């Protein structure tokens, strides 16, 4: 059975070109969408194997659509196809559940192979962005080691550590909620748990522990 693909992009010629390449290689394009909202609706209706989403679209954008689709259709693979090399877009997409992040300047003929790799369980990132992911990972590991030295018995959950790192980056409660696609009240709940576990009086004191090398 051919893999079924949803293609979401607000640029019709892009959708047409992607459809042509995928269908010529045995994929079935089961739906197209021009906005983030349309992408979610089409995904829930068609239940594709792969959702190929542009990052920047009207109607909430591709990252918000990816987050919604990942939560409601956990078996669907998600791949972003975008012109954006922005670090924030890359990491927001990965946090939202994307298994691939492809740039639009990629050779279109490489798309079918990239989607097959994702369906086989492999991540797909352009070589130019892999270094950013590794640097982010190494930075997080350094921060975690600093925190463990300061509070050896502390065990923060992954989401709590993510919130703490965003606090360190200077983001507000509202900005963290937007970045992680969660409610502001949920961010405040995570912050309260972090302060309690670290036994510190405020956010600034918690952030200082990350830099206590």
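Buried (at least 22 other Cβ atoms within 10 Å of the Cβ), over 19 Å from residue 35 (Cβ atoms) and free of Cβ contacts under 8 Å to residues at least 60 places away in the same chain: is that true of residue 117 in this structure? Judged against the criteria, residue 117 is not a match.
Residue 32 meets all of the listed conditions (1) more than 23 Å from residue 178 (Cα to Cα); (2) without any contact (Cβ under 8 Å) to a residue 24 or more places away in the chain but one, namely (2). Against the numbered list (1) outside any helix (DSSP H, G or I); (2) more than 30 Å from residue 61 (Cα to Cα); (3) out of contact with any helix residue (DSSP H, G or I) (no Cβ under 7 Å at 6 or more places or on another chain), residue 182 comes up short only at (2). Can you tell me which residue within segment 36-84, out of those that are farther than 26 Å from residue 107 by Cβ and assigned to a loop (DSSP other than H, G, I, E, B), is modelled with the lowest pLDDT? Taking the candidates together, the pick is 60.
The values are calculated or read from the model by the stated rules, or taken from the named source; none is laboratory data. Here the structure is a predicted model, which means the values were calculated and not measured. Cβ coordinates were reconstructed from backbone atoms using ideal geometry, including for glycine residues, and neighbour counts include every protein chain displayed.
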